[in-house]
Amino acid sequence: MIEPEAIADYAAAHSDAEDDYLHRLWRAANIHTVHGHMASGHLQGRLLKMLVMMQRPRYILEVGTFAGYSAICMAQGLPQKGNGKVFTFEINDEMEDFTRQWINGSDVAGLIDFRIGNAVTEAPKLGIMFDMMFLDGDKRTYAETYDALLPLLNPGGIILADNTLWDGHVVDPKYDCDSQTMGIRRFNDLIADDDRVEKVIVPIRDGLTIIRKKTT
């Protein structure tokens, strides 16, 4: 049996390289934060950039900035001389100093609006509609976050929901009492039955669900 890490390494080696700034950010997140593994990382970061380039959104909403890695990757996919922007919300104010310095130091800082706060309550106050969303916040409330923010997504827009396989815990009965696993299961069931959207789970990293809001 080939180890999943070997497959991941092979895929990364045959994808666009991680740039030096993102690699330094990933290292810093793993050295200086408690949950450094939560940073998106090379392969998922390149996928996020590619999806942004394909979708060509004007406004992107991110729920859960953490270290800023994914926000930078998505901003890299936006036209560098356009009017696109990533609005990213982090509810944990203890991350602000670390994250803001890395976002501000990136070459796409002007395309990222980083805010401390709850996206569910704060994003509607922006008064704009989004073409893409990236959900990577509290797994316990994924379903509620989705229900609250879907009205802010334009028809034809896409939602990328991270960690939807949760290290396989979604199919492991040992985690039936784990609140985060149960939150993701509720979200996955909700999406599967929601006829307002089209959806597919991609088994990359910890599971990434791509959700498209139907136009009719």
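Condition test on Glu62, is it of a type in the set (Asp, Glu), surrounded by 14 or more Cβ atoms within 10 Å (Cβ to Cβ) and either in contact (Cβ under 8 Å) with a residue 60 or more places away in the chain or within 18 Å of Asp206 (Cα to Cα) (or both)? The answer is yes for Glu62.
List every residue pair whose Cβ atoms sit under 9 Å apart, with the two residues 6 or more apart in sequence or on different chains, where the first one lies in the stretch 70-84 and is under 30 Å from His37 (Cβ atoms) and the second, anywhere, is modelled with pLDDT under 90 and crowded, with 21+ Cβ neighbours inside 10 Å. Filtered contacts from the stretch 70-84: Ser70/Ala39; Ser70/Ser40; Cys73/Ser40. Look at the stretch 39-54: where a residue is in contact (Cβ under 8 Å) with a residue 12 or more places away in the chain and of a type outside the set (Val, Ile, Thr) and a partner is open to solvent by less than 30 Å² (accessible area, probe 1.4 Å) and not in a helix (DSSP H, G or I), sitting 6+ places away or on another chain with Cβ atoms under 6 Å, you get Ala39/Ala67; Lys49/Gly77; Met53/Gly77. Residues that are over 27 Å from Gly45 (Cβ atoms) and touching a residue at least 24 places away in the same chain (Cβ under 8 Å) within the stretch 191-210 comprise just one, Arg196. The residue that is farthest from the chain's Cα centre (by Cα), counting only those in the stretch 24-56 that are surrounded by 23 or more Cβ atoms within 10 Å (Cβ to Cβ) and under 17 Å from Ile159 (Cβ atoms), is Val52.
Identification of helices (runs of 4 or more DSSP H) wholly contained in the stretch 59-172 with 2 or more residues that are of a type outside the set (S, T, N, Q) and farther than 22 Å from Ile210 by Cβ yields 96-104.
Of all residues in the stretch 80-91, those satisfying the criterion of being open to solvent by less than 60 Å² (accessible area, probe 1.4 Å) and not aliphatic (A, V, I, L, M) are Gly82, Gly84, Lys85, Phe87, Thr88, Phe89, Glu90.
Total residues in the stretch 114-165 satisfying the condition of being open to solvent by less than 50 Å² (accessible area, probe 1.4 Å) and on the phi > 0 side of the Ramachandran plot: the figure is 3. For the stretch 69-112: of the residues being among the small types (Gly, Ala, Ser) and in contact with a strand residue (DSSP E or B) (Cβ under 8 Å, 6 or more places away or on another chain), which is farthest from Gly127 (Cα to Cα)? Checked the stretch 69-112; the qualifying residue farthest from Gly127 (Cα to Cα) is Ser106.
Name the residues in the stretch 8-19 that are open to solvent by 100 Å² or more (accessible area, probe 1.4 Å) and not hydroxyl-bearing (Ser, Thr, Tyr), would you? Of everything in the stretch 8-19, those that are open to solvent by 100 Å² or more (accessible area, probe 1.4 Å) and not hydroxyl-bearing (Ser, Thr, Tyr) turn out to be Asp9, His14, Asp16.
The set of residues in the stretch 57-71 being under 11 Å from the mean Cα position of the chain (by Cα) and on the phi < 0 side of the Ramachandran plot consists of Ile60, Leu61, Glu62, Val63, Thr65, Tyr69, Ser70, Ala71. Within the stretch 189-203, being open to solvent by 30 Å² or more (accessible area, probe 1.4 Å) and either part of a loop (DSSP other than H, G, I, E, B) or of a type in the set (S, T, N, Q) (or both) holds for Asp193, Asp195, Arg196, Pro203.
The values are calculated or read from the model by the stated rules, or taken from the named source; none is laboratory data. Note that the structure is a prediction, hence the values are computed from the model and not measured. Using ideal geometry, Cβ is built from the backbone for each residue, glycine included, and neighbour counts are taken over all protein chains shown. For the accessible areas, the whole protein counts, side chains as well, though only heavy atoms, and no ligand, DNA or RNA atoms are used. Shrake-Rupley method; radii C 1.70, N 1.55, O 1.52, S 1.80 Å.
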